[in-house]
1. Working only within the range 117-126, note down all residues that are assigned to a loop (DSSP other than H, G, I, E, B) and under 16 Å from Q79 (Cα atoms).
2. Do you know which residues across the range 160-185 are within 22 Å of S75 (Cα to Cα), of a type in the set (D, E, K, R) and part of a strand (DSSP E or B)?
3. Across the range 85-138, which residue is surrounded by the fewest Cβ atoms within 10 Å (Cβ to Cβ) among those that are among the small types (G, A, S) and within 25 Å of E172 (Cβ to Cβ)?
4. Spot the failing condition for T135; the list is (1) within 25 Å of D232 (Cα to Cα); (2) in contact (Cβ under 8 Å) with a residue 40 or more places away in the chain, and only one is missed.
5. Hey, among the residues in the range 82-129 that are β-branched (V, I, T) and farther than 20 Å from M287 by Cβ, which one's modelled with the lowest pLDDT?
6. Of the residues E218, E211, only one is exposed (fewer than 15 other Cβ atoms within 10 Å of the Cβ) and either within 26 Å of the chain's Cα centre (by Cα) or of a type in the set (D, E, K, R) (or both); which?
7. Looking at D225, D158, D154 in this structure, which one is buried (at least 17 other Cβ atoms within 10 Å of the Cβ), of a type in the set (D, E) and farther than 23 Å from A51 by Cβ?
8. Which one of these does K190 not meet: (1) surrounded by fewer than 21 Cβ atoms within 10 Å (Cβ to Cβ); (2) of a type in the set (K, R); (3) within 17 Å of L227 (Cα to Cα)?
Amino acid sequence: MGHALQSGTGIGERAEGGTLPEATGIELIQPVRPIVLGFSQLGSESEWRMANTNSVKEAAKEAGIELLFENAEQSQEKQFEAIRSFIKRKVDVIAIAPVVHSGWDEILTEVKQAGIPLIISDRSVDVGDTSLYVTHIGADLYEEGRKAGKYLVDKMRDAAETVQIVELRGTEGSSPSIQRGQGFRDIVLKQPGYKMMASVDADFTFERGKEAMGTLLEQYGSEMDVLFAQNDDMALGAIEAIEEYGLRPGVDIVIISVDGTRRAFMMLGEGKINCIVECNPLLGPNMMQAVQELVAGRTLPKRIVPQESVYTEQMAKKETPFRKY
């Protein structure tokens, strides 16, 4: 297989068409052979991640792109191995959903030296040279944290006493954990009357979320007013822990989550979650359009951000039937 940006590879030229970020309406001359995309997915730790994986696989099939898929199972080292295998196989494009934020300079330099364009999906990477990747497709994670903070400040604006907050963080060193947490703090902790009692790692999983919340309840009990969970799976685990402790999630403890999975929306409708900041996992169509644009020799925007919303209890009943994940 030849690289996408080399001549004489058998990849067709591109006709006029639409522009990103809308993944519709593009018109491409069909290539002589399928475009080959190597995708390193960071894991399968949450419902969000599984929806993201399914979106990529379905979009690749629909676009006629040959997808080489590797699940890194939360290991950066496994992602390095997958990327090197993609280089060896001379794929046309490589895409990665990075498990952590840092440590990518060397491996991405190898990709660039091989002449293979690279797409960052979902989470971001911290590299000294941003030319090591072509584009980053995914949410504004910092802004998600700010949205959560703005909701809380508005909801608790009439609070007579200090608002005591606990936070369940995602995977240590991951960009969602870092950026959502920072965005939330930059809104909430600049307001008088807000205190972060504790912030603990729960790795974006239901089990760790329940375990961590149980420990926090033993330590703080009803002193805590708010839980900010950096994803739905941790929030759902925390809800079980809160109920087992004898408190009412969404009433005794305000719960704010990020993602927007169907199960979380059901909890939103029941009043057990008060707010969900959406993080759209359905990035497959955008990724496949970006791949096709790259192969056609087009220049992509450095950042592609999907449309996302903030949902409250009052919106849950109307929105839940339309959730695709």
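The values are calculated or read from the model by the stated rules, or taken from the named source; none is laboratory data. As the structure is a computational prediction, the values presented were derived from the model and not from experiment. FYI the Cβ positions are ideal-geometry reconstructions off the backbone, even for glycines, and counts take in every protein chain you see.
1. Initially, the range 117-126 is screened for residues assigned to a loop (DSSP other than H, G, I, E, B), giving 117, 122-126.
Residues satisfying the conditions are D122, R123, S124, V125, D126.
2. The one that is within 22 Å of S75 (Cα to Cα), of a type in the set (D, E, K, R) and part of a strand (DSSP E or B): R169.
3. Residues of the range 85-138 among the small types (G, A, S): 85, 95, 97, 102-103, 114-115, 121, 124, 128, 131, 138.
If we keep only those that are within 25 Å of E172 (Cβ to Cβ) too, we end up with 95, 97, 102-103, 121, 124, 128, 138.
On the way: A95: 28, A97: 24, S102: 13, G103: 17, S121: 25, S124: 23, G128: 8, G138: 25.
Applying the filter and picking the extreme gives G128.
4. (1)
5. Quick first cut of the range 82-129, residues β-branched (V, I, T) only: 83, 87, 91, 93-94, 96, 99-100, 107, 109, 111, 116, 119-120, 125, 127.
Still in the list and also farther than 20 Å from M287 by Cβ: 100, 109.
Details: V100: 95, T109: 98.
For the range 82-129, the residue satisfying everything is V100.
6. On the way: E211 fails: exposed (fewer than 15 other Cβ atoms within 10 Å of the Cβ).
Exactly one of E218, E211 is exposed (fewer than 15 other Cβ atoms within 10 Å of the Cβ) and either within 26 Å of the chain's Cα centre (by Cα) or of a type in the set (D, E, K, R) (or both), namely E218.
7. Working: D158 fails: buried (at least 17 other Cβ atoms within 10 Å of the Cβ); D154 fails: buried (at least 17 other Cβ atoms within 10 Å of the Cβ).
One residue alone meets the criteria, D225.
8. (3)
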